[in-house]
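Heads up, the thing below is written out as structure tokens.
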Amino acid sequence: MTVWYATALILSIAVFAVVLYFARRSATYQDLDRRIQSEADLTAGILAESFHARGVLVEKDTAGRPVLTPEVAAVLEVVPDFLLVTSRDGRLLFASPDARALTFAEFEQLNAITRPPAPTAAHVPGRFRIEPNGPTMHYIVRAVPDAGDQFGTIFAGANTRSAELRLEQLLLTIVIAFFVGVVPAILVGGWIAGRALEPIDRMITEVREITDGRSLHRRLAVPMERDELGRLAETLNQMMTRLERNFAALRRFTADASHELKTPLTVVRAGVERAITRPDTPPETLAALEETLQEVNRMTELLESLLTLARADEGRADLHRESVDLRDIIAEAGETGELLAEHAGVGIEIRLPPEPLVLAVDRSRIRQLALNLIENAVKYTPRGGQVSVELAGNDGRALFTVADTGIGIAPGDLPHVFDRFWRADSARTRTSERAGTGLGLAICKWIAEAHGGTIDVQSRPGRGTTFTVGLPRS
């Protein structure tokens, strides 16, 4: 806003300076024309009064040329600019000091304007430049009818250079106006714009901090003035109130549905397990019961994950922290990973530091995080591939890395890997007997962030994926 206003101000000053320049130039030319007209009228008046008082105003000089009498010539000497007085036959009777200062060639060009045919009474204005490099002047040629037949015309002219405003003056005016007017205007305008937009900047900061459904209880401060900013803050607060109600209703529904479905699923699983253990069950029925039990277990796992995330969203998923050696947790999860890798025909390598790596964490949650990442790595690595699990300490953090040589993730899919129920198209083909629910990585992200840590992913299609979890040691 400040830049646009400053640009508009600079353009306005520039346009004003140009208009002022040409307007002042026109006014100066008008003043110049009035001045030379006054000089011509004054000279004609002096000659007319002198003629009425003395009669003869022209005499011969030593060379026999007609000139004005010394008394009249002395009076006209004080007239400024270029002044010529000629006789009726075109002879020069008087020339002012400025005219006499011209060269002979320049003077002849000037004198040629006054030669017959001459005007009788009217003023004849004009503009004339003395070539090749002489001055440009405005002039007036008029007759002297009241001074007898001794005089022909009077030429009164002035150099236009005295009336022109030079370009340097215009640029100097613009520069002065810039430092005197524009710079303070920019500083004051920036301060005013900053003060005016400061509430909007605070709103942007506060809204940006509301990044998920758990912070929708926060509200913007409403200004005391009931202006546009106040109405904007009220509108945003109303929108966040509606979003908070919707998110709360969705979390309650998810938690309630997950909790209510656990009991019937438990009953179904118990019934299927009893039916499978009966020795008289036909093979066809046994196969159908085993498939049903597998899907019931998968559904139970999905409900457990939904319930975990719903409690986390409501802030009810408490962490039971205790000081534990992360090597024990990773080793325990690695044992399960080795069984899965052996069944899938995938190699697995687990590297643990020689020194204890003690952190205050929730043992069961960290084990769940590690096991989810290892299961994913084994699941999406083709037979004959390799999975590497490494735990290390670095700069006050514990780094847990799970890398595989599996199918990888496309660059466009990487920003969505931690979204709930999201699965990349290339990962939907089952490469293992164990199907996923699409919630494992979302739970991993929650566990890492709940411990004050981070989780990152790097992947290239066809070359594998690497998940890195960083947990603070303090």
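All of the numbers you see were taken from the coordinates with simple rules; none came from a lab. Nothing here was measured: the structure is a model prediction, and the numbers come from that model. Neighbour counts are summed over all protein chains in view; Cβ atoms, including those assigned to glycine, are modelled from backbone coordinates with ideal geometry.
For the reader, a short list of remarks on this structure follows.
- Intensity falloff of the range 321-472 expressed as log10 I(q)/I(0), Debye formula with alpha-carbon point scatterers, at q = 0.10, 0.11, 0.21 Å⁻¹: -0.31, -0.38, -1.42
- Extended-chain gain in nm, criterion 0.36 nm per residue less alpha-carbon gap, H217 and W191: 6.0 nm
- Förster-model FRET efficiency, 51 Å R0, R252 and N394, C-beta, rounded to 0.05: 0.80
- Derived scalar couplings ³J(HN,Hα) [the range 351-368; Karplus, 6.51 cos²θ - 1.76 cosθ + 1.60; whole Hz; x for Gly, Pro]: 10, 10, x, x, 8, x, 10, 9, 9, 8, 9, 8, 4, 5, 5, 5, 5, 4
- Annotation: amide H of F418 has no partner in the under-5 Å range at sequence separation 5 or more or interchain, hydrogens built in the peptide plane.
- Across all directions, the average flat footprint of the convex hull enclosing the Cα atoms of the chain is 46.7 nm².
- Point-to-point label distance, E291-E349, nm (Cα→Cβ direction, 7 Å offset): 4.1
- Dipole magnitude for the range 321-472: about 480 debye, using +1 per Lys or Arg Cβ and -1 per Asp or Glu Cβ, origin at the Cα centre.
- For the range 58-65, backbone phi angles converted through the Karplus equation (6.51, -1.76, 1.60; θ = phi - 60°) give residue-by-residue couplings of 10, 9, 9, 8, 5, 8, x, 8 Hz, Gly and Pro being listed as x.
- Over all directions, the projected convex hull of the C-alpha atoms in the range 228-314 averages 7.1 nm² in area.
- Net length available on complete extension from V78 to R473 is 132.1 nm, with 0.36 nm assigned per residue and the Cα-Cα distance removed.
- The residue list A275, S474, Q238 was ranked by how far each Cα lies along the charge dipole of the chain toward its positive end, using unit charges on Cβ atoms, and Q238 comes out on top.
- In straight-distance terms, cross-link reach from K379 covers every one of the lysines whose alpha-carbon lies under 20 Å from its own, apart from those fewer than eight places away in the same chain; here that gives K445.
- The calculated FRET efficiency for the pair S323 and S12, based on their C-beta separation and a Förster distance of 45 Å, comes to about 0.05.
- A Cβ-based charge dipole, computed about the Cα centre of the chain with Lys and Arg at +1 and Asp and Glu at -1, lands at about 480 debye.
- Label-point separation, A331 to L261 (7 Å along Cα→Cβ), nm: 3.9
- Computed extension gain for R91 through R34, at 0.36 nm per residue and net of the alpha carbon distance, reaches 17.8 nm.
- A Förster distance of 35 Å, applied to the separation of the beta-carbon atoms of F421 and R460, puts the FRET efficiency at 0.90.
- Each residue of the range 320-326 is assigned a 3J(HN,Hα), and the resulting list reads 9, 6, 7, 6, 9, 8, 4 Hz, derived from the Karplus form 6.51 cos²θ - 1.76 cosθ + 1.60 (θ = phi - 60°), x at Gly and Pro.
- Set against the 2.2 N^0.38 Å expectation for a compact globular protein, the range 267-338 has a Cα radius of gyration ratio of 1.65.
- Long-range HN-HN contacts of I350 with modeled amide H, under 5 Å: V389
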